[in-house]
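Read through the structure below, which is laid out as structure tokens, and then see the notes.
The values are calculated or read from the model by the stated rules, or taken from the named source; none is laboratory data. Everything quoted here is computed from the prediction, not taken from an experiment. As a convention, Cβ positions derive from the backbone with ideal geometry for all residues, glycine included, and neighbour counts pool all protein chains shown. The area values use the complete protein model at the heavy-atom level, side chains included, leaving out ligands, DNA and RNA. Shrake-Rupley method; radii C 1.70, N 1.55, O 1.52, S 1.80 Å.
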Amino acid sequence: MTVGNTALQPPPEPDVSGPQGPCDTRAPLSTRTAVNSRDSPTGGTGTATATDPATDPATDQHSDRAQLTPGAPGTRRTPPVRLRALDGLRLLAALMVAAYHYGGRDGEISEAWGSSPGRQFPSLSQLFAYGCLGVQIFFIISGFVICMSGWGRPLRHFFASRVSRLFPAYWAAVILVTAVFALPWIAYEAVSPSDALVNLTMLQQPLGVDRVLGVCWTLWAEVRFYALFALFVVLPGASRQRVVLFCALWTLGAAIAATADLPVLDIVLMPEYAPFFIGGVGLYLIHRFGHDVTAWGIVGFSWLLGQHYAVDRLWHPPDPDYFSYRSSLTIVAVVTLGFAAVAAVALGKLRWADWRWLTVAGALTYPFYLVHEHLGWVTVAVLHRGLGLPAWLVFPLTIGTMLLLAWLLHRFVERPLAPKVRNGLLRSAKTSGSG
């Protein structure tokens, strides 16, 4: 069983370990007059100043404040200072994915347990199998927060924030997993040194290079979304009309790509993931501008298309080769709950979830997502097969160990390096006069 050639190739049933982590849950660093007769959902006039007075250098997240006149035409409700509920949703989605990887699928984890997770968790394995849908929830959240963080931000700031948020923890995770798998007593084979170096670019997926991190395919989807949003929204300047047009054209283009049999369109427009990103963008429009038929239409169409792709890719009937039979109705229900949860945040229904520990949870989600799968295999093998601990105890201990490792990566990698990377990129952009 190898990580380089066999274990990390996309399986017939896709390995939907999700990113989902590289999202911010606060608005961009900007002071902007944003709402006018064109940007208002009612077509009236009004002035909104979105002020972002502080940045958290540890997470590259910003406060979301708005000074508005309640009830005036074209205004929106004042959002909370921080959308901590999104941090909680991100952690929940990450735990769903971890449950899927540890107890809801076969493959390398079966070798770590010594038998199929279906035997280790005869009652829970069917439930864990739905954890793969955590990645779809990640993509909805990503659409919401990327639209929020890119609104009113110059391209150079958007680029610097994305690079500084994605790469420091990612580089550390690639190096760490490669080093652990190179140990002679580890059962899993590391990728070649050359392929490991290519993995540091985050472009191994389009180049067909063996992946160090199985979950990195979702980062490739995120990067393509960032590129599309930067090119068509951030670069010309975000406005409600431009974002609506972006969503409409991407939805239509993705539908065409699904039947055009042109691989390049599939790569660029990502028809199976586009509805989730677009749905998140639509929910941010509702959060920013209030109830609006057009924005709700974007969300509704995205939900209809998203559930279709989720069922098409993840459903399979009962089969001796799979213990993870998934009901199509349950898949639809989980996707619906994902949209509903982010909608509740957009509408301010979860403002009560304003606990400070959720900020920490949000900060740990990305490094946890990066390391939990492969290093989880090693941890499960050591605790279960090595020390003989029961599966019901190994499962939470493994998750706890990965959360501790995520905190170490956040504390000693992300917090010191992310601001340096961001500031270095901004200085370089300023010197060259770009953005």
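Restricting the calculation to Cα atoms, segment 250-409 shows an Rg/Rh of 1.05 when the hydrodynamic-style radius is the Kirkwood one. Taken one residue at a time, the phi angles of segment 234-250 give Karplus couplings (6.51, -1.76, 1.60, θ = phi - 60°) of 5, 4, x, x, 6, 8, 4, 4, 5, 5, 4, 5, 4, 4, 5, 5, 5 Hz. Gly and Pro are set to x. Rounded to the nearest Hz, the phi-derived 3J(HN,Hα) couplings of segment 403-416 under the Karplus curve 6.51 cos²θ - 1.76 cosθ + 1.60 (θ = phi - 60°) are 5, 5, 4, 4, 5, 4, 5, 5, 6, 9, 10, 5, 4, x, where x marks glycine and proline. When restricted to Cα atoms, segment 314-435 yields an Rg and a Dmax of 20.7, 62 Å, respectively.
Which residues does a label at ILE267 reach in segment 216-253, if reach means a backbone N under 17 Å from a point 7 Å past the Cα toward the Cβ? Only 217-228 fall inside the zone, counting backbone N under 17 Å. How big, in percent, is the set of alpha carbon pairs in segment 152-271 lying more than 21 Å apart? Considering segment 152-271, 52 percent of its Cα-Cα pairs are separated by more than 21 Å. Fully extending the segment from HIS291 to THR330, taken as 0.36 nm per residue of separation minus the present Cα-Cα distance, adds 11.2 nm.
Taken one residue at a time, the phi angles of segment 378-394 give Karplus couplings (6.51, -1.76, 1.60, θ = phi - 60°) of 5, 5, 4, 4, 5, 6, 8, 7, x, 9, x, 6, x, 4, 5, 8, 5 Hz. Gly and Pro are set to x. Solvent-accessible area per residue in segment 96-169 equals 24 Å², computed with a 1.4 angstrom probe and all protein chains kept. Summarising the amide proton neighbourhood of ARG326: residues at separation of 5 or more, or on other chains, whose placed amide H is nearer than 5 Å comprise HIS316.
When you filter the chymotrypsin sites (Phe, Trp or Tyr not before Pro) in segment 347-435 for DSSP loop state and at most 13 other Cβ atoms inside 10 Å of their Cβ, you are left with TRP352, TRP355.
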